[in-house]
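Below you'll find the structure, written out as structure tokens, and then a few comments.
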Amino acid sequence: MAKAPTIVDIAGNLGVSPISVSRALSNPGRVSASLRAKVITEARRVGYSPNTAARALRTNASFLLGLIVPSFFSYQIDELVTHIQDYAQLHDHGVILGLTQWDPETELKQLEFMRNKNVDGIIIKSQGAPKVVKKLQELIDNNIKVVCLLDRYKCQASSVMVNNIHGGAIAGRYLVENGHKKICYITYNQAKSSSYSMTHFSNERYKGMRNELKIHDTYIDEDSVIYIDAQPCRPFSEENFEVILDKIQDYTAIFAYDDYLAAGILKILQQNNYRVPEDLSIIGFDDSPAVSHWSSPPITVIKQPDRLVAFEAVNLLLGDAEDSNAICTRNNYIVEPELVIRKSVLDISKMDDKN
């Protein structure tokens, strides 16, 4: 039987030291990107497979990450899970997945389950309930690395967030550049939402748009904010139909909190003989392909860079978790969203010029 290739074999083939190969495979931040790429390519060529059991005994690591998310109903969550698993595998880590169905009690149970599995770190998309935040701090105090996805809480957990204020500003700027001055913002009723973090996100997106509009001598106030009694990623009720139709009469454009809301609004408008974008323009936030891509017309959105969010989350965990003597510290990354132009916003500036 042929001998399994080792780190020493890879090092000899590349003309580098075994230590350099080991670092490239297990702690990429300590070697150059070019060397890491060469090592990974050679490792795949020779069929190298790390002995994680031996490494676990040597380093007291489990080579497992805990990933806790609400559900797979959101395409964004599905994308994040896929990318996180891919990046974890590059670090020779497996992923234990826990679903919470937006329930804080289930979040607590999943966190305890992950601790009992001795995971090397936890990535969580949480509702942010106070008792959950307290539990996160307890885990951190016990030297368990925690990274929060798309949110930040009053504890020492690290986080990867999207710049919601900038995203709102991008939306506002694009609408103004297309001649829109009568703009409303439609979001979920924060008093009835089960999400503790959504309120913060919504306020930031509105703030970003409002500040950008002000720069262009266009103003929006609280009367231009429409609240919908619905949960994120859930169908609208008949009451929501009436609220939207009653309040949109004076506007030419709508900025929706997320893609699901934008798609729901689009459906309501079309069912009531509104043409989008001819009668009303719509811009969403997130870029969920199942929603924004396949709508008719496809929806212009502010895109969250899910792949980059996943990459930074895994790096925040494993940069310290692979060092058994590491002390948990807080690091926060903010990634920038971008505009994806499709067919749901009409340029009315040309119409104004003709008038």
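Relative to the dominant Cα principal axis of the chain, helix 238-247 is inclined by about 60°. Cα-Cα over 25 Å: which of 125/207; 214/267; 214/303; 134/303; 109/154? Violating the 25 Å Cα-Cα cut-off are 214/267; 134/303.
Computed log10 I(q)/I(0) for the stretch 7-49 at 0.19, 0.29, 0.33 Å⁻¹: -0.43, -1.04, -1.31, from the Debye equation with unit scatterers placed on every C-alpha and solvent omitted. Electrostatic bookkeeping for residue 82 treats Lys and Arg as +1 and Asp and Glu as -1; over the other residues with beta carbon under 12 Å from its beta carbon, the sum is -3. Helix 198-215 and the longest principal axis of the Cα set of the chain meet at an angle near 60°. Which entry in (1) 48, 22, 21; (2) 45, 23, 17; (3) 31, 25, 20 is this structure's computed semi-axes √(5λ) of the Cα gyration tensor in Å? Recomputing semi-axes √(5λ) of the Cα gyration tensor in Å here gives the entry labelled (2).
Taking other residues whose beta carbon is less than 12 angstrom from the beta carbon of residue 107, and scoring Lys, Arg as +1 and Asp, Glu as -1, yields +2. Along the axis of the charge dipole computed for the chain (Cβ charges of +1 for Lys and Arg, -1 for Asp and Glu, origin at the Cα centre), the listed residues 288, 18, 335 are led at the positive end by 18.
Taking the stretch 153-170 and a reference point 7 angstrom along Cα→Cβ of residue 108, the backbone N atoms nearer than 18 Å belong to 154-155. Angle of helix 130-141 to the longest C-alpha principal axis of the chain, folded into 0 to 90 degrees and rounded to 10: 20°. Each of 145, 154, 303 has some number of other Cβ atoms within 10 Å of its Cβ, and from fewest to most they run 154, 303, 145. In terms of surrounding Cβ atoms within a 10 Å radius of their Cβ, 6, 252, 187 rank from fewest to most as 6, 252, 187. Of 287, 86, 221, the sequence from fewest to most neighbouring Cβ atoms within 10 angstrom is 221, 86, 287. Here r is the Cβ-Cβ distance between residue 190 and residue 86 and R0 is 41 Å; the resulting FRET efficiency, rounded to 0.05, is 0.75.
Label positions at residue 219 and residue 351, each projected 7 Å from the Cα along the C-beta direction, are separated by 2.5 nm.
Can you compute the FRET efficiency between residue 40 and residue 246 using 1/(1 + (r/R0)^6), with r the Cβ-Cβ distance and R0 = 51 Å? Round to the nearest 0.05. Let's see the in-between values first.
Numbers: r = 58 Å, r/R0 = 1.14.
Result of the calculation: an efficiency of 0.30.
Sparsely packed loop sites in the stretch 238-279 (the GluC sites (Glu not before Pro) outside DSSP H, G, I, E and B with at most 10 other Cβ atoms within 10 Å) comprise 278.
Measuring r between the beta carbons of residue 116 and residue 154 and using R0 = 22 Å, the FRET efficiency lands at 0.30.
About the Cα centre of the chain, how large is the charge dipole given +1 on each Lys and Arg Cβ and -1 on each Asp and Glu Cβ? Please answer in debye to the nearest 20.
Numbers: 38 positive and 43 negative charges, 269 e Å.
So the magnitude is around 1300 debye.
Full extension of the chain segment joining residue 3 with residue 229 gains 75.0 nm, where the gain is 0.36 nm per residue of separation less the Cα-Cα distance.
A short reminder: the numbers here are calculations on the coordinates, not readings from a lab. Not measured: the values here are computed from a predicted model. Every residue, glycine among them, receives a Cβ derived from its backbone with ideal geometry; neighbour counts consider all protein chains shown.
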